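What follows is a set of notes on a single structure, which appears directly below.
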Amino acid sequence: MKSINILCAFMLSAAFVKAQTVLPTEPVFEKTYQAGTRSTTGKPGKKYWQNKSRYDLKVDFNPVSRLLSGRVEVVYTNNSPDTLNEIWFKLYPNLYKKGTPRKSKISESDQGNGVTISQLSANGKNIADFKVDGTNMTVAVPAVLPGKTISFSISYSYTLNKGSHLRTGQVDEGSHFVAYFFPRIAVYDDVDGWNKFPYTGAEEFYNDFDQFDAEVKVPGGYAVWATGDLKNTAEVFQKQIVARIASAEKNDPVVDIITPDDLSAKGVTQPNAFNTFKFEASNVTDFVFAVSDHYLWKSSSLMVDPKTKRRTRVDAVFNPKHKDYYEVVDFARKTVDAMSYKFPKWPYPYNHETVFDGLDQMEYPMMVNDNPVDNREDAITLTDHEIFHTMFPFYMGINETKYGWMDEGWATIGEWLISPMIDSTLVDEYGIQPTASSSGGKDDSPIMTLTPDLKGSGSFTNSYPKPGLAYLYIKDYLGEDLFTKALHTYIKNWNGKHPMPYDFFYSMNEGSGKNLNWFWKPWFFEGGILDLAVKAVDKTTDGYAITIENKGMKALPVDLTLTYADGSSEKMHSTIGIWEQGNKTAVVKLKTSKKLSKVVMGDVHTPDKNKGDNSFSVN
């Protein structure tokens, strides 16, 4: 590729305008700066706080009746400066309760009584006065002062859904993915106070970083996989299974932990009427589990942190009928490797990642619920997309309910970048065309629009490809090393905490040493068409001047394919930096002695609503 000189046409005042670009800030965030909990450097403020809980979960799950009976013991610590007189809980299974407002369709046969609370006590005293409103529950409590704790004990039950599988439910007659299965305390933060958004089945989740000790009791013959580390492997699995798990955790080659022969010989779990699987997970945002009596299990591990020699075990647990799943362990392993060493170049933070053959495409801490797919490309992109969520929102405690783009956009760019690392023939165009065609339309709202307020096509494009493209363009603009430095600044500032949008913007500014507000503002706070045009091609003394027009407000990279009269061709690339001064046209200088015959603009990752003006024939 030849070197490129770029001449941007702009008024002298443009540089001043760029320097003065300020992001519109809502009062609720200004309040956090005044209170000292957050800062415009991107770092948590000196007075930043977040609350936490320690959960002791005991669950008895009957896979035949699907009845889940449980007991939750939870100690909640109020690190806020506020006195709390009520505690908000989330009862996510109530999405399936008759009469619950929801955005997702639930068949009538799957609508039941929801969660039954048979006993609830706080600090050892029974409480009968609690209010359930859909998926929210509020409990009036004696005042919980700043720095103090309150303990709850809750006995409850509900029947897991058989159909209408939304992120959780029965998979087949012997397999279930069980998520959001226990009453949990909602987030109370420095921005909104209590997270009062109900769960509608559409928007995703926002949880604190908590400690979980869990016991899952199931009938004999059923294996259990879950968030966290299994603490009693030898008590629940037979000797050969225990040995294979240990081997997989220490070695690179794939180990067949559960084989067809093991299943036919009933040689998987201990031959008891019931087995209780005990798990422990620290500093994670959620706990889920899955069960099956007929799934295969392939496993491997790899070193994710050369400094500490720490390894991550990667699992694929699946129905032997689903042929695409036989390669999933390889795709998952390569994803964990790529995340640790290539993008985002951060050691994979957890001890294991289990991809479970389910009926959804959904992520959880250390677990993935992925449906089988028809082709290898879909298996790759689905696997790496969902595993990439480990960083966003789980390692970074993002409020997905309000800002879906803060995690889905990262999973999208992760998919775009990692899929070709797994298979170099893949060109992932996920979401590009919908972004182009919907831009400037009725559903094209700013990315910063709260996720519950998104409508139509914007519900997808605003959360997935639009922010993914923004991250991709900033990566291209800053270059690999500087982008990594900026992203790592964000990760260091906010892992294990609750970053909000401005924490991301300011961390990236600080980490890169550049004021990127000129880019953030139009991309995240404004709508508008995405459309570039080749406006003119003029002969110069040493080549050609190619004028590009930006018909919208957002900076887009410019990729040109140049064809010469002698039949040869070459490509030229310009980053979003050509629009940095707020200019509407940019001139790309081409130095050549050849006669140029045609210019065509476009790239697979550059959405363009009207491609009819992307080609220019040179006379």
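Things worth noting here:
- Residue match in the range 50-58 (condition: touching a helix residue (DSSP H, G or I) at 6+ places or on another chain (Cβ under 7 Å) and either polar (S, T, N, Q) or at pLDDT 95 or above (or both)): no
- Scan of the range 493-510 for residues that are open to solvent by 10 Å² or more (accessible area, probe 1.4 Å) and in contact with a Lys or Arg (Cβ under 9 Å, 6 or more places away or on another chain), ordered by number: Asn493, Tyr506, Glu510
- Some residue of the range 271-293 being touching a strand residue (DSSP E or B) at 6+ places or on another chain (Cβ under 7 Å), more than 25 Å from Thr390 (Cα to Cα), in contact (Cβ under 8 Å) with a residue 24 or more places away in the chain and open to solvent by less than 10 Å² (accessible area, probe 1.4 Å): yes
- Considering Tyr158, Tyr180, the condition of being assigned to a loop (DSSP other than H, G, I, E, B) and buried (at least 20 other Cβ atoms within 10 Å of the Cβ) is satisfied by Tyr180 alone.
- Taking each residue of the range 132-156 that is closer than 24 Å to Lys58 by Cβ and free of Cβ contacts under 8 Å to residues at least 40 places away in the same chain and looking for partners that are in a strand (DSSP E or B) and open to solvent by 30 Å² or more (accessible area, probe 1.4 Å) with beta-carbon atoms closer than 8 Å, six or more apart or interchain, yields nothing.
- Qualifying residue in the range 537-556 (condition: open to solvent by 40 Å² or more (accessible area, probe 1.4 Å) and at pLDDT below 95): yes
- Just one residue in the set Lys535, Lys551, Lys598, Lys571 is within 26 Å of Pro420 (Cα to Cα) and charged (D, E, K, R); that residue is Lys571.
- Among (1) farther than 29 Å from Ser80 by Cα; (2) open to solvent by less than 20 Å² (accessible area, probe 1.4 Å), the one test that Val187 misses: (1)
- Among the conditions (1) open to solvent by 10 Å² or more (accessible area, probe 1.4 Å); (2) closer than 26 Å to Thr200 by Cα; (3) outside any loop (DSSP other than H, G, I, E, B); (4) β-branched (Val, Ile, Thr), Thr449 misses just one, which is (3).
- Considering the range 190-200, and only residues there that are open to solvent by 20 Å² or more (accessible area, probe 1.4 Å) and of a type in the set (D, E, K, R), the residue that is nearest to Phe89 (Cα to Cα) turns out to be Lys196.
- Conditions (1) touching a residue at least 24 places away in the same chain (Cβ under 8 Å); (2) open to solvent by 40 Å² or more (accessible area, probe 1.4 Å): number failed by Phe61: (2)
- No other residue among Val618, Val604, Val587 is in contact with a helix residue (DSSP H, G or I) (Cβ under 7 Å, 6 or more places away or on another chain) and farther than 24 Å from Ala486 by Cβ apart from Val604.
- Residue list for the range 196-244, restricted to those being among the aliphatic types (A, V, I, L, M) and free of Cβ contacts under 8 Å to residues at least 60 places away in the same chain: Leu230, Ala234, Val236, Ile241, Val242, Ala243
- Filter result for Leu382 (hydrophobic (A, V, I, L, M, F, W, C) and outside any helix (DSSP H, G or I)): no
- Any hit, the range 20-30, residues being more than 24 Å from the chain's Cα centre (by Cα) and in a strand (DSSP E or B): no
- Looking across the range 423-442, just one residue is without any contact (Cβ under 8 Å) to a residue 40 or more places away in the chain, crowded, with 17+ Cβ neighbours inside 10 Å and either part of a loop (DSSP other than H, G, I, E, B) or touching a His at 6+ places or on another chain (Cβ under 8 Å) (or both), and that is Gly431.
- Considering residues of the range 560-578 that are without any contact (Cβ under 8 Å) to a residue 60 or more places away in the chain and open to solvent by less than 30 Å² (accessible area, probe 1.4 Å) only, the residue farthest from Phe616 (Cα to Cα): Tyr564
- When residues of the range 351-374 are limited to those that are without any contact (Cβ under 8 Å) to a residue 60 or more places away in the chain and not hydrophobic (A, V, I, L, M, F, W, C), the one surrounded by the most Cβ atoms within 10 Å (Cβ to Cβ): Asp370
- Selection from the range 244-262 of residues that are more than 20 Å from Arg310 (Cα to Cα), open to solvent by 50 Å² or more (accessible area, probe 1.4 Å) and out of contact with any Pro (no Cβ under 7 Å at 6 or more places or on another chain): Asp256, Asp261
- Filter result for Phe212 (part of a strand (DSSP E or B) and within 27 Å of Val75 (Cα to Cα)): yes
- Screening Pro522 with (1) more than 17 Å from Ile578 (Cβ to Cβ); (2) open to solvent by 10 Å² or more (accessible area, probe 1.4 Å) gives one miss only, at (1).
- Residue within the range 579-598 that is open to solvent by less than 20 Å² (accessible area, probe 1.4 Å) and within 32 Å of the chain's Cα centre (by Cα) present: yes
- Within the range 517-561, being under 23 Å from Ser593 (Cβ atoms) and among the small types (Gly, Ala, Ser) holds for Ala536, Gly543, Ala545.
- Tyr341 vs. criteria open to solvent by 40 Å² or more (accessible area, probe 1.4 Å), of a type outside the set (Val, Ile, Thr) and within 22 Å of Val171 (Cβ to Cβ): no
- Residues considered: Leu482, Leu450, Leu454. Of these, the only one that is in contact with a helix residue (DSSP H, G or I) (Cβ under 7 Å, 6 or more places away or on another chain) and farther than 20 Å from Pro44 by Cα is Leu482.
The values are calculated or read from the model by the stated rules, or taken from the named source; none is laboratory data. As the structure is a prediction and not an experimental result, all values here were calculated from the model. We place every Cβ from the backbone using ideal geometry, glycine too, and count neighbours over all the protein chains shown. When the accessible area is computed, the model is the full protein with side chains, heavy atoms only, and any ligands, DNA or RNA have been set aside. Shrake-Rupley method; radii C 1.70, N 1.55, O 1.52, S 1.80 Å.
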